[in-house]
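Encoded as structure tokens, the structure appears first; notes follow it.
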Amino acid sequence: MRSQGQAAWELLLPAVGAPARRRGRTLQEALREAVRSGRLAAGTRLPSTRALAADLGVSRGLVTEAYEQLTAEGYLRSDRGAGTWVGGAARAAVRGARDLAAGAPGVRVDFRPGTPDLSLFPRSAWAAAQRSVLTRLPHPALGYPDPRGLPELREALAAMLARRRGVVADPERLVVCSGVAQASTLLGFVLRARGLRRVGIEDPGSPEHGRLFASTGLETVWLPLDEEGLRPGPLADSGVRAVVVTPSHQFPSGISWSAERRAALLDWARAVDGYVLEDDYDGDFRYDRAPVGALQGLDPERVAYTGSVSKSLAPGLRLGWMLVPEALLDEIVERKRTMDLGNPVLDQAVLAEFVTRGGYDRQLRRCQRAYRERRDALLAALAEHLPGTRVSGIAAGLHVIARVPARFGPPERFLARAAEAGVALRTLEEYGTARPSDEDVRLVIGYAHLAPSAIGTGIRWVAEGCGRG
């Protein structure tokens, strides 16, 4: 049986090879890790400092300092005259790090909506903006920022949004956020503090809105849509005083609200002293005519306008914005301050540089060309492989609604066969409370993140799995 000294020598031997100036710290790290991992179990008596120093070929002082440091941290315990022991407080650290990002195991073609083509991220232009920012950014700018965001970014975004989306964009009322998700929760917390208990969301609409507002203590009420937008009657009867809408390109139906419904929504907000959260999630992507202007431009005192770079650049940047009604501004800013003290300064400065120098406009044009091509590839594939499919919402955005004829169904069988072929799909019914009234399969098909060839292949696999009649 090996002695304790021999076991410790084997565990700590790699530390001896460290450079002299780092040998003491490396020895401490090795000993600490041996305790954490359980290789030196709780209750194990360690060799004396003299014996271990002799085994390792290092000075006794180095070992003494390591024992004293780990005793102070609780890894070891020392009884006067009785030696040094491994303490019982340490627990083994979890090995590795799990990735909780949404994945799709077993999926060969993923038509689920919401993801842009991340390969289009402008790496070279973004890197150039980073170099420029790091060269010129003064040292004081690296301190805690204005919780609303860097002034140069707020000015750049305000100018860009006024030009592209027709909003009333005061930089003093623009708050830089970690995407629309944080903007929604900021508004939810403030409305909850003002006494609101419920918020309306579109039906069909994004379930994510409901989850975000639930995290702030607000209940959500589904409000039905028709082909023009939110129906005024159910809205008035709901009793809510705040709603979340996507009027420029409704998600997921793809409609643009009519002028009459926009006006009716704002009349309602004024009548109930309420607020509208406008999620302009893909307002820049319109292919067949100019984008529909944002609702906020009609009444900036009742509409909190939100957007982000998640579809135009990458969701991983976690950069977005909210134009806040004057009455809510101080409360939103204070909530933002206590939530995270502001977004990272360097990221904000790079985005400001990118927008100001025209990089953002060039990126949008590049994406529009690519996404229009992919939309056309999807329409062609549906016509060839699933003939008779009716498609809507094709004029804008990153997805379409496809109504597949009943002969390819029923819906449960259609989705099961698609899954067997390795194709991920979502139905319209997953985005609201309505249930299908017939056997047609109503799909929400995202295409922006897929190459045209993958789009054609995926639709063909679905058709082959379901048969043609």
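P411 passes all but one of (1) modelled with pLDDT of 95 or more; (2) crowded, with 16+ Cβ neighbours inside 10 Å; (3) of a type outside the set (A, V, I, L, M, F, W, C); which number fails?
Just one mismatch for P411, condition (1).
Kindly indicate the residue of region 429-459 that is of a type in the set (A, V, I, L, M, F, W, C) and surrounded by fewer than 19 Cβ atoms within 10 Å (Cβ to Cβ) and also modelled with the lowest pLDDT among those meeting that condition.
We begin by selecting, within region 429-459, every residue of a type in the set (A, V, I, L, M, F, W, C); these are 434, 441, 443-445, 448, 450-451, 454-455, 459.
Now narrow it down to the ones that are surrounded by fewer than 19 Cβ atoms within 10 Å (Cβ to Cβ): 434, 451, 454.
Numbers: A434: 76, A451: 96, A454: 96.
The selected residue is A434.
Kindly indicate the residue of region 165-192 that is of a type in the set (A, V, I, L, M) and in a helix (DSSP H, G or I) and also surrounded by the fewest Cβ atoms within 10 Å (Cβ to Cβ) among those meeting that condition.
Residues of region 165-192 of a type in the set (A, V, I, L, M): 167-169, 174-176, 180-181, 183, 186-187, 190-191.
Subset that is in a helix (DSSP H, G or I): 180-181, 183, 186-187, 190-191.
Numbers: V180: 24, A181: 20, A183: 28, L186: 25, L187: 28, V190: 22, L191: 25.
Within region 165-192, the match that is surrounded by the fewest Cβ atoms within 10 Å (Cβ to Cβ) is A181.
Out of A370, A402, A416, which single residue is in a strand (DSSP E or B) and either open to solvent by less than 50 Å² (accessible area, probe 1.4 Å) or among the aromatic types (F, W, Y) (or both)? Spell out the reasoning first.
Working: A370 fails: in a strand (DSSP E or B); A416 fails: in a strand (DSSP E or B).
Going through A370, A402, A416 in turn, the sole match is A402.
Out of P116, P138, report the one residue that is modelled with pLDDT of 90 or more and open to solvent by less than 40 Å² (accessible area, probe 1.4 Å). Steps first, answer last, please.
Numbers: P138 fails: open to solvent by less than 40 Å² (accessible area, probe 1.4 Å).
From the options P116, P138, the qualifying one is P116.
Which members of region 11-28 meet the condition of being without any contact (Cβ under 8 Å) to a residue 40 or more places away in the chain and exposed (fewer than 14 other Cβ atoms within 10 Å of the Cβ)?
P14, G17, P19, A20, R21, R22
Name every residue in region 271-286 that is part of a loop (DSSP other than H, G, I, E, B) and open to solvent by 20 Å² or more (accessible area, probe 1.4 Å), in order of residue number.
To start, the set of residues in region 271-286 that are part of a loop (DSSP other than H, G, I, E, B) comprises 272-274, 280-285.
Within region 271-286, V272, D273, Y281, D284 meet the criteria.
Take the conditions in a loop (DSSP other than H, G, I, E, B) and farther than 27 Å from F251 by Cβ and apply them to R112. Does it pass?
Working: in a loop (DSSP other than H, G, I, E, B): yes; farther than 27 Å from F251 by Cβ: no.
No: the conditions fail for R112.
Mind checking whether some residue in region 313-324 is within 30 Å of V345 (Cβ to Cβ), part of a helix (DSSP H, G or I) and over 18 Å from the mean Cα position of the chain (by Cα)? Full working, then the answer.
Just the residues of region 313-324 that are within 30 Å of V345 (Cβ to Cβ), to begin with: 313-324.
Then drop every residue that is not part of a helix (DSSP H, G or I), which leaves 315-317.
This time we only want the ones that are over 18 Å from the mean Cα position of the chain (by Cα), so: none.
No, region 313-324 contains no residue that is within 30 Å of V345 (Cβ to Cβ), part of a helix (DSSP H, G or I) and over 18 Å from the mean Cα position of the chain (by Cα).
Restricting to region 63-79, what's the tally of residues that are surrounded by fewer than 19 Cβ atoms within 10 Å (Cβ to Cβ) and not charged (D, E, K, R)?
Within region 63-79, the subset surrounded by fewer than 19 Cβ atoms within 10 Å (Cβ to Cβ) is 64-65, 68-69, 71-74, 77-79.
Then drop every residue that is not not charged (D, E, K, R), which leaves 64, 69, 71-72, 74, 78.
The number of residues fulfilling the criteria is 6.
Tell me, please, whether a residue that is closer than 27 Å to E430 by Cα and open to solvent by less than 20 Å² (accessible area, probe 1.4 Å) can be found in region 119-131.
Taking region 119-131 as the starting set, the residues that turn out to be closer than 27 Å to E430 by Cα are none.
There is no residue in region 119-131 that is closer than 27 Å to E430 by Cα and open to solvent by less than 20 Å² (accessible area, probe 1.4 Å).
I'm trying to understand the selection: among the residues of region 360-403, which are in contact (Cβ under 8 Å) with a residue 24 or more places away in the chain and among the β-branched types (V, I, T)?
Once the filter is applied, which keeps residues that are in contact (Cβ under 8 Å) with a residue 24 or more places away in the chain and among the β-branched types (V, I, T), region 360-403 yields I394, V400, I401.
The values are calculated or read from the model by the stated rules, or taken from the named source; none is laboratory data. If you're wondering where the values come from, they're calculated on a predicted model, not measured in any experiment. Glycine gets a Cβ as well: all are built from the backbone with ideal geometry, and neighbour counts include every protein chain shown. What goes into the accessible areas is simple: the full protein's heavy atoms, side chains included, and nothing from ligands, DNA or RNA. Shrake-Rupley method; radii C 1.70, N 1.55, O 1.52, S 1.80 Å.
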